[in-house]
Amino acid sequence: MTFRDDLATTSEWVAGYLETAGERPVFPSVAPGDVRAKLPRAAPEQGEPFAAVLRDLDEVIMPGLTLWNHPRFFAYFANTGSEPGILAELVTAALNVNSMAWITSPAATELEQVVLVWLAELIGLPAGLHGHIEDTASTSTLAALAAARAERPGGAIVASEQAHFSVEKAARILGLEYRTVRVDDGFRMLADFPLEDATAVVATVGTTSTTSVDPVPEIARRCGEAGVWLHVDAAYAGSAAVCPELRWCMEGVDRADSVVVNPHKWLFTPMDCSAVWTRRPESFHKAFAASAEYMANTAGAIDIRDYGPALGRRFRALKLWAVLRCYGREGLQALIREHVRLAALFEEWVRAEPGWEVSAPRPFSTVCFRHQSADNEEIVRRATGSGRIFVATTRLRGQSVIRLAIGNALTGEEDVRDAWEVLRECAR
């Protein structure tokens with residue numbers, strides 16, 4: 001078999017998977033160690049054909065995968081490896097360039113700069129920001145807080161008690177104190193917290209548990225007056241700002257020192273792709289810039305390695321460029337609006353069903369709800385164990401709550417209706 005033969009076979013496999021994803025179990029029926037037990041203990045002595053890899057992919061790997069690219073994946077924040085992004089990932093792997101510096105691949109660096117300008121305009125961020133791509137929001141947040149520490153070392157990182165746990169993890173890595181702030185009845189960060197010893201404040205636009213939006217304008221005003229760095233985690237909900245009617249969620253973000261949005265969450269770009277912008281690139285440069293004789297800087301060019309923790313960098317801009325071009329503003333808006341509509345419909349079903357209740361406001365496409373008398377964690381275990389849907393729980397005000405997050409481009413109303421039926425069956 002030639003490379004072209006294997007490529008054609010693999011392309012058929014990928015297309016077949018995308019066409020049948022909804023017919024497969026979204027969650028596997030395996031126990032810890034099951035997959036490992038089916039794999040050889042050592043690499044083969046002689047090379048094997050790629051057909052053998054595809055065979056074992058079907059027989060060993062696929063039965064043990066949670067299918068994130070499935071129309072009934074509703075846990076965490078659903079995402080999409082869309083067709084343009086998948087094709088671009090293939091090209092990225094074939095090119096295999098490293099975009100750590102301008103000289104290592106000029107077009108990769110300059111495309112990344114351009115595509116981050118495009119995306120900033122699409123979601124309403126101000127012109128003139130420095131933008132680059134990291135792997136995930138955890139790294140983007142770590143980079144932003146390291147930049148903040150470079151300007152104001154030794155203080156605390158302040159965030160909502162509803163902030164993502166990666167913020168606390170970043171504080172630990174940086175050797176900074178981590179302090180949380182209480183939230184209001186809508187799970188939004190209260191803005192009256194002390195700032196005297198703060199290095200940075202992290203406000204969230206779309207918290208993980210409830211997708212609540214912190215009062216960024218007031219927090220930005222206070223941080224500006226105190227000279228404290230403001231980082232905005234808009235990893236999930238920032239994508240919603242593509243739609244003008246949802247752009248309210250980004251109010252005040254123009255005054256933040258840095259902001260992160262993950263195109264791999266709700267902009268249909270395959271994992272991993274996290275966009276971070278800053279109006280203070282010199283602080284990022286101060287925290288991360290380094291060079292050596294064997295890789296000098298290029299006059300007049302930006303070396304993105306100097307703005308984040310990673311040296312080696314994948315050509316992630318290519319897949320984001322492909323997604324933005326192939327969907328366009330209208331295509332992105334249509335999908336996000338449909339997801340919000342489906343979430344609103346699901347919320348109506350919950351409100352209308354005796355014994356069930358909505359547990360938090362629903363600003364976007366994630367619904368938090370619970371059964372008033374049944375064990376909600378057991379409901380989720382049974383629902384997920386069925387293989388028909390994948391949902392997750394969180395805890396709000398001491399109660400276990402079910403989260404249903406809609407965000408996959410393949411998800412339709414029938415998938416959401418099926419999820420509701422499964423949950424009601426499991427509650428009974």
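The values are calculated or read from the model by the stated rules, or taken from the named source; none is laboratory data. Source: prediction; values computed, not measured. FYI the Cβ positions are ideal-geometry reconstructions off the backbone, even for glycines, and counts take in every protein chain you see. Surface accessibility is based on the protein's heavy atoms, side chains included, excluding ligands, DNA and RNA. Shrake-Rupley method; radii C 1.70, N 1.55, O 1.52, S 1.80 Å.
A few comments on the model shown:
- Helix runs (DSSP H) in the chain reaching 30 Å along axis by Cα, Kyte-Doolittle at least -0.5: 317-352
- Based on the convex hull around the alpha carbon atoms, the chain presents an average projected area of 22.8 nm².
- Accessible-area rank, largest first, for 149, 316: 149, 316, with all protein chains present and a 1.4 angstrom probe.
- Per-peptide average of other Cβ atoms within 10 Å, ordering 151-161, 260-270 highest first: 260-270, 151-161
- For region 38-151: accessible area per residue (Å², 1.4 Å): 48 Å²
- Once the Cβ-Cβ distance of residue 272 and residue 127 is raised to the sixth power relative to R0 = 30 Å, the FRET efficiency obtained is 0.65.
- Pairwise centroid distance, computed over Cα atoms, of region 248-296 with region 344-422, Å: 33 Å
- Taking all protein chains together, 5, 192, 375 sort by accessible area into 192, 375, 5, largest first [probe 1.4 Å].
- In summary, the lysines within cross-link reach of residue 265, defined as a Cα separation below 30 angstrom excluding same-chain residues under 8 places away, comprise 169, 286, 319.
- By average C-beta atoms within 10 angstrom, highest first, the peptides 132-143, 105-116, 38-49: 132-143, 105-116, 38-49
- Part-to-part distance (alpha-carbon centres) for region 90-128 and region 218-243, which is given in Å: 23 Å
- Here the dipole of region 128-237 is about 160 debye; that uses its Cα centre as origin and unit charges on the Cβ of Lys and Arg (positive) and Asp and Glu (negative).
- With DNA, RNA and ligands ignored, accessible area of residue 118 (1.4 Å probe; Å², nearest 10): 100 Å²
- List 305, 397, ordered by accessible area with a 1.4 Å probe, largest first: 397, 305
- Chain lengthening between residue 37 and residue 290 when straightened (0.36 nm per residue, less Cα-Cα): 86.7 nm
- Only Cα pairs under 8 Å and 6+ residues apart enter the sum, and on that basis the relative contact order of the chain stands at 22 percent.
- Carbon and sulfur %, accessible surface of the chain computed with the full protein complex present, 1.4 Å: 53 percent
- DSSP beta bridge pairing in the chain, given as percent antiparallel to the nearest 5: 55 percent
- Length gained when the stretch residue 13-residue 103 is fully extended (0.36 nm per residue, less Cα-Cα span): 28.7 nm
- Overall form of region 101-145 per C-alpha gyration tensor (a/c, 1.5; a/b vs b/c): oblate
- Dipole magnitude (debye, nearest 20) for region 321-428, charges at Cβ of Lys, Arg, Asp, Glu: 360 debye
- Debye log10 I(q)/I(0) for region 179-322, one point scatterer per Cα, at q = 0.10, 0.18, 0.19 Å⁻¹: -0.42, -1.13, -1.20
- Per-peptide average of other Cβ atoms within 10 Å, ordering 229-240, 174-185 highest first: 229-240, 174-185
- Per residue, the solvent-accessible area of region 164-319 (1.4 Å probe, heavy atoms of protein chains only, all protein chains present) comes to 39 Å².
- Simple label model, 7 Å out from Cα along Cβ direction - residue 254 to residue 48, nm: 5.7 nm
- Label-point gap, in nm, between residue 117 and residue 279 - each point 7 angstrom along Cα→Cβ: 1.9 nm
- Solvent-accessible area per residue in region 326-428 equals 43 Å², computed with a 1.4 angstrom probe and all protein chains kept.
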